[in-house]
Amino acid sequence: MSVRLGDTAPDFTADTTQGTIAFHDWLGDSWGVLFSHPKDFTPVCTTELGYVARIKPEFDKRNVKVIGLSVDPVDSHEKWEQDIAETQGTPVNFPMIGDADKKVSDLYEMIHPNASDTMTVRSVFIIGPDKKIKLSLTYPASTGRNFDEILRVIDSLQLTAKFKVATPANWKDGQDVIIGAAVTDDEAKTLFPQGWKTVKPYLRVLPQPK
Ligand code: BEZ
């Protein structure tokens, strides 16, 4: 069964570099990012984990907990983390799941056998405080992810959870937004009394609500 947007994120208990974690309990009321990398002691993964560690304050600011995973065991992660701290300038400051039995990888379909039978692909799942899947991404092993994009999506998800708006292409926090397609003009007058610009009846733009 694949994990799709709007599904409840599968719950699990797993060993991590920060002890045993029961995923839903660990998430609590926070947002979450669960991401997999193919293998320990590999170059692209080393840079990814270093980058996520460096920008962790940005996830904290947004009330987002971050957790990594690979099919290597926790003791391997712990040894590798010494290299990450040495080469990337920041110790890994979030838990890493050791998924040697592939329990979590299978739950989230992180192994794509036509890419590799043994390694996880680069999956990202953003999970809301309601434990629902809000985004899923799959990258190949050879391409490191853009974690600034993950933060950008979180900004959009958190804004659109609060206001009946959507965010346009390449939107960044603070830029103009679009009134949701399901919102009538009459409803919009109540929701956005400051007004908006009608470019087309279906394309109504307004400054980002606070
Ligand atoms: C890497 O992180 O560099 C990598 C991992 C697995 C396969 C290919 C590249």
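What's the total number of residues in region 23-61 that are away from the ligand (no atom under 16 Å from the Cβ), surrounded by 15 or more Cβ atoms within 10 Å (Cβ to Cβ) and among the charged types (D, E, K, R)?
2
Take the conditions loosely packed, with under 15 Cβ neighbours inside 10 Å, away from the ligand (no atom under 11 Å from the Cβ) and within 21 Å of residue 140 (Cβ to Cβ) and apply them to residue 79. Does it pass?
In short, no.
Residue check: is residue 85 more than 16 Å from the ligand (Cβ to nearest atom) and part of a loop (DSSP other than H, G, I, E, B)?
Answer is no for this residue.
Anything in region 47-85 that is free of Cβ contacts under 8 Å to residues at least 40 places away in the same chain, touching an Asp or Glu at 6+ places or on another chain (Cβ under 9 Å) and charged (D, E, K, R)? List them, or say none.
72, 79
If you go through region 62-76 one residue at a time, how many are within 16 Å of the ligand (Cβ to nearest atom) and in contact with a helix residue (DSSP H, G or I) (Cβ under 9 Å, 6 or more places away or on another chain)?
If we filter region 62-76 for residues that are within 16 Å of the ligand (Cβ to nearest atom), which is where we start, we get 68-72, 76.
Within this subset, residues satisfying the condition of being in contact with a helix residue (DSSP H, G or I) (Cβ under 9 Å, 6 or more places away or on another chain) are 68-72.
Final tally of qualifying residues: 5.
Would you mention how many residues in region 151-181 are modelled with pLDDT under 95 and of a type in the set (A, V, I, L, M, F, W, C)?
So the answer is 1.
Starting from region 137-153, keep only residues that are within 16 Å of the ligand (Cβ to nearest atom), then list their pairs with residues that are among the charged types (D, E, K, R) and not in a helix (DSSP H, G or I) whose Cβ atoms are within a distance under 6 Å, requiring at least 6 positions of separation or different chains.
If the second residue must be among the charged types (D, E, K, R) and not in a helix (DSSP H, G or I), the pairs left are 139/122; 139/145; 145/122.
The values are calculated or read from the model by the stated rules, or taken from the named source; none is laboratory data. These numbers come from a predicted model, not from an experiment. When we count neighbours, we look across all protein chains shown, and the Cβ atoms used for this are built from the backbone with ideal geometry, even at glycine.
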